[in-house]
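Scroll down for the structure; my scribbles are underneath it.
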Amino acid sequence: VTLIDAKRIERIGSPLVPDLLRLVPSVAVATSGPAGSLTQVRIRGAEANHTLLFIEGIRANDPAAGNEPRFELLNADVASRIEVVRGPQSALWGSEAIGGVVAVSGNAPGSGGTQGFVEGGSFDTWRGAARTEAGDAERGVSIGIAGQRSDGIDSFTGEGDKDGYNNLGLRVAGRYRIGPSLLVGAAGFALKGKSEFDGFDPVTFLHADTLDETRNKLAAGRLFAELGDREKSYAVASVSLLGSSNRNELDDQFLNKTEATRRTLALEGGHRFGTHQLIAAVESEREAFEARDTAFGGFTNQDRSRNHHSLTAEWRATGLGPLSAGLAIRHDLFSRFKDATSFRASLRGDLGSGFSISANYGEGIAQPTFFDLYGFFPGSFVGNPDLRPESSRGGEVSLRYSADRYGGSLTYYRQSLKDEIATVFLPDFTSTAVNADGKSKRQGIELEGHYRHSDALRLTVNYAWLDASEPEVGGGAQLKEPRRPRHSGSVALDGTIGRLTYGAGVAYSGERADTNFDVFPALAVRLDPYWLASARIAYRLTDELEAHVRVANAFDDDYQDAVGYRSEGRSIHAGLRVALGR
């Protein structure tokens, strides 16, 4: 698990959550162009739709966009905590948790204070945010809102029209304790964004300097009631609803759109006896999907729905002498394809003198997307309703050390993925989705270290090595997985000295494979390694007012995360923050 807390988020000052995820071991971030463009996150070599995202405790993968998380919409100014769990985790969190799980949340109710923030800088970029909290942790509410925009750059050749973006994020969380054993609460978020990008020429089908843009909306809410005491016996009932919309246009002309909803009902209960805890959960989910187009005269239109239910049981134990352990099993029942069962086991032992060793085994699943099952483009693609869920299994072993001011860990992991959903071309020159034969294989090493001298300095360092391959469709040798660096790492530091506060991060992404589809047949290419550095320094002018300067891509590295899509060079920004209360 990696935690990025509120201090590091604020002190580094990156505008989007994916910029902070680059500092996490074994996390590969690929942005198809400048900031705000389509952004994919791959953990430990897994696919982009194998990362499960929670926002304010709500499952947030977009069912209208291939079950991928919409990381490009995630404004960092509404985030106060980012947690990343690596490895297959479906036994605890369900479908899409193959590479890992990312959880993003804002300030908890009752944390106190009101803040406002504004920043402007290069590429005509502007940011603004405000948040406030009232009450306390038992009866309180927390609200945050943030927006940003940028003119961007031309992502194709650098000489065409600029590809900019804007987004708006809102989050809210509230809790109210009715009595000693009854707590009710609500949480929600709304994300809205528009991104301009260079797509493909409608005649040649080659990547070109076009006037494409996409408009995206994602919003969700959750209500819950908790009875009892989590340290003894408890029960939680919750309901959540998510809605999403993605609309694509070319030169202000509508092309197509997708919309989806996800309704989830859940009941969880637990009982602790001594050093042991038993937890059981049941969940019911219903998704509805709609697609509309004008480019193909409505032939790609879809109206689909599906149901999904799950049962989970978990056992946890701590204080077993030097040992801690856990087991979990989950059974998923799908209405449209084969059911799946996933398992997880973990064991940790203290060796003394600050050393410990841990081992984990986990399994993950990913359900086929609506497009994989039913998608249709005339003369191009036909979905396959007979697809099976993808499944993964793997384990890790980790040696850790922890002292008062410093610590670290060395981890080796190994995973395999079977029934991977891949695209194949048919004799009539159309394509479809199939479950590939063979297994995709991933293994790697993660080396992490941290040091904290005082409030003046907090330092983290990590390095990751990855070997990821997939079987060639139709049989043959293992092929290197694209957009996953073999070597990666980061250094991040932050601190405060008197009225001065600072934060900085440097992320390294090594050489990666990619595919150039602008030639026929498509050509495998290599993307150059790069260093991406950012830093922010702030000075408190008064007790309530702070001024800051921030630099992004400080080394002015010329890099691409996806072949053919340029990214911004060095940029400089300045801003003010006002804080009232605590």
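The values are calculated or read from the model by the stated rules, or taken from the named source; none is laboratory data. Being a predicted model, the structure only gives us computed values, none of them experimental. Positions of Cβ are generated from backbone atoms using ideal geometry, with glycine treated the same way; all protein chains shown enter the neighbour counts. Keep in mind that these areas ignore ligands, DNA and RNA; they rest on the heavy atoms of the full protein, side chains included. Shrake-Rupley method; radii C 1.70, N 1.55, O 1.52, S 1.80 Å.
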Given the Cα-Cα distance of L223 and S284 and 0.36 nm per residue of separation, how much length would full extension add, in nm? 20.5 nm
Lysine pair count for the chain [Cα-Cα under 22 Å; pairs on different chains or 8 or more apart]: 14
Inter-probe distance in nm under a simple model that places probes 7 Å from Cα toward Cβ, at S380 and R272: 5.4 nm
Taking a 1.4 Å probe, which of R388, R414 shows the most accessible area, and what order do the others take after it? R414, R388
Evaluate E = 1/(1 + (r/R0)^6) for V118 and D404, where r is the Cβ-Cβ distance and R0 equals 35 Å; express this FRET efficiency to the nearest 0.05. 0.35
Debye, to nearest 20: dipole size of the chain, +1 on Lys, Arg Cβ, -1 on Asp, Glu Cβ: 2220 debye
Relative contact order for region 405-516, counting Cα pairs under 8 Å that sit 6 or more residues apart, in percent: 21 percent
Excluding ligands, DNA and RNA, what is the solvent-accessible area per residue of the chain at a probe of 1.4 Å, expressed in Å²? 44 Å²
Taking r as the C-beta separation of S431 and Y176 and R0 as 41 Å, the FRET efficiency to the nearest 0.05 is 0.20
Local charge sum around D252 (other residues, Cβ-Cβ under 14 Å, Lys/Arg +1, Asp/Glu -1)? -3
Work out the length of the dipole vector of region 447-582 about its Cα centre, built from +1 on the beta-carbon of each Lys and Arg and -1 on the beta-carbon of each Asp and Glu, and round it to the nearest 20 debye. 520 debye
Mind checking the dipole of region 288-404: about its Cα centre, +1 per Lys or Arg Cβ, -1 per Asp or Glu Cβ, Debye to the nearest 20? 180 debye
Non-local residues with an amide H under 5 Å from the amide H of E68, with H modelled 1.01 Å from N and Pro and chain starts lacking one, are D62
Set of region 427-461 residues, backbone N closer than 16 Å to the point 7 Å along the Cα-Cβ line of E472: 437-440
Between beta-carbons, use under 14 Å as the cut-off and find the net charge around S454, counting Lys and Arg +1, Asp and Glu -1. +1
If unit charges are put on Cβ atoms (+1 for Lys and Arg, -1 for Asp and Glu) and the dipole of region 137-231 is taken about its Cα centre, the option from S142, A219, G152 lying farthest towards the positive end turns out to be S142
DSSP-assigned coil residues among GluC sites (Glu not before Pro) in region 486-582, each with at most 15 further Cβ atoms within 10 Å: E511, E544
Would you be so kind as to identify which of L541, V491, V473 lies farthest towards the positive end of the dipole of region 445-558, taking Lys and Arg as +1 and Asp and Glu as -1 on Cβ and the Cα centre as origin? L541
Are there chymotrypsin sites (Phe, Trp or Tyr not before Pro) in region 413-456 that DSSP marks as loop and that have at most 13 other Cβ atoms within 10 Å, and which are they? F429
For region 518-580 and region 400-444, what is the centre-to-centre distance using only Cα atoms, to the nearest Å? 28 Å
When only the heavy atoms of the protein chains count and the probe is 1.4 Å, how do T114, T312 rank by accessible area, highest first? T114, T312
Cα Rg, Dmax (largest Cα-Cα span) when computed across region 446-553, Å: 20.6, 67
What is the percent carbon and sulfur in the accessible area of region 220-335, measuring with a 1.4 Å probe over the protein chains and ignoring ligands? 60 percent
As a test question: what accessible area, to the nearest 10 Å², does W465 have when a 1.4 Å probe is rolled over all protein chains in place? 50 Å²
If the chain between D558 and V461 were fully stretched, how many nm would it gain, using 0.36 nm times the residue separation less the Cα-Cα distance? 32.5 nm
Contact order normalised by residue count of the chain, Cα under 8 Å, 6+ apart, percent: 13 percent
Segment A313-Y539, length gained on full extension (0.36 nm per residue, minus Cα span): 76.3 nm
Taking loop as defined by DSSP and a crowding limit of 16 other beta carbons within 10 Å, which trypsin sites (Lys or Arg not before Pro) in region 74-180 fit? K162
How high is the relative contact order of region 249-335, in percent, counting Cα pairs under 8 Å that sit 6 or more residues apart? 25 percent
What accessible surface, in Å², does a 1.4 Å probe find on L351, ignoring ligands, DNA and RNA and rounding to the nearest 10? 110 Å²
Calc'd 3J(HN,Hα), region 444-453, phi into Karplus 6.51 cos²θ - 1.76 cosθ + 1.60 (θ = phi - 60°), Hz, glycine/Pro = x, comes to x, 10, 10, 10, 10, x, 9, 8, 10, 7
Placing +1 on each Lys and Arg Cβ and -1 on each Asp and Glu Cβ in the chain, then taking the dipole about the Cα centre, the residue among V203, V424, V17 whose Cα reaches farthest towards the positive end is V17
Under the rule of at least 5 residues apart or a separate chain, name every residue whose amide H is placed under 5 Å from the amide H of N301. D293
Semi-axes a, b, c in Å (a largest) for the chain, each sqrt of 5 times a Cα gyration tensor eigenvalue, come to 34, 31, 26
When each pair of different Cα atoms in region 1-47 is counted once in the 1/r mean, what is the Kirkwood radius in angstroms, to one decimal? 11.6 Å
